[in-house]
């Protein structure tokens, strides 16, 4: 597989590609993460990922394979973004507590005019979390750069998640096994 360009500043996506032993260069370009209001929730992260891929493609050129992704957390048909502060993180985790939510990662692989895009959806159920557990997690792990105010691979995922239906790594930010399959198809 040829070396790709990862258009993401997420340390988790970087780590997942390293675990998959995919060679990549990291190129990050600030992009607008707004989206048209008429998009379906499933298409929103794909739209944002496409904008990231196109911004990086302008920087590195058309002849490199670019991988971009965006992850959203959805509770009751509403996107839950990254928390603004401690109070917001506590509020978000309190809403997720005892409930099922969706984690949707939009992925775009682009080279020249060729593009593959998809959304991967994982259902996640949280146990009921106490206020003490939520505050402990927020204060110790400071999940302010994470959609939904949590990382499944941290303490809260170990003690707070009841079950998942779908790709665990998608919840970390990249459905890496599907990405590898798509990259293998993309090169052919």
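Readers should treat all values here as calculations from the given coordinates under stated rules, not as data from a laboratory. This one's a predicted model, so the numbers in the text were calculated from it and none came from an experiment. Note that we place each Cβ from the backbone using ideal geometry, even for glycine, and neighbour counts take in every protein chain shown.
Between 71, 122, 105, which gets the highest mean-square fluctuation from a Gaussian network model of the chain, Cα cutoff 10 Å? Greatest mean-square fluctuation among the candidates belongs to 122. Panel order for 60, 46, 179, by other beta carbons found within 10 Å of each beta carbon, from fewest to most: 60, 46, 179. Relative to the longest principal axis of the Cα atoms of the chain, the long axis of helix 44-60 makes an angle of roughly 40 degrees. With contacts taken as Cα pairs under 8 Å at a separation of at least 6 residues, the chain carries a relative contact order of 23 percent. The modelled label-to-label distance between residue 127 and residue 142, using points 7 Å beyond Cα along the C-beta direction, is 2.7 nm. Extending 7 Å from the Cα toward the beta-carbon at both residue 32 and residue 9 defines two label points whose distance is 1.8 nm.
Mean residue ellipticity at 222 nm from the helices of the chain, using -39,500 (n - 2.57) per DSSP H segment of n ≥ 4 over the full residue count, to the nearest 500 deg cm²/dmol? List each step's numbers first, then the result.
Numbers: 7 runs with 71 residues, N = 188.
Per the formula, -11000 deg cm²/dmol.
Shape of the chain from the C-alpha gyration tensor: prolate (a/c of 1.5 or more and a/b above b/c, with a ≥ b ≥ c the square roots of its eigenvalues).
Between the range 126-153 and the range 1-57, the C-alpha centres lie 24 angstrom from each other.
Compared with the direct C-alpha span, the chain from residue 165 to residue 185 gains 4.6 nm at full extension, assuming 0.36 nm per residue. Modelled spin-label separation between residue 42 and residue 87, with each label point placed 7 Å from Cα along the Cα-to-Cβ direction: 3.7 nm.
Taking the C-alpha atoms only, the angle from helix 176-187 to the longest principal axis of the chain is near 10 degrees.
Between the Cα long axis of helix 131-141 and the first principal axis of the chain there is an angle of about 40°, rounded to the nearest 10.
Residue order for 52, 84, fewest other beta carbons within 10 angstrom first, comes to 84, 52.
Can you put 8, 130 in order of Cβ neighbours within 10 angstrom, beginning with the fewest? Show your work: numbers first, answer last.
On the way: 8 25, 130 10.
Lowest count first: 130, 8.
If R0 is taken as 35 Å, the Cβ-Cβ distance between residue 114 and residue 79 corresponds to a FRET efficiency of 0.75.
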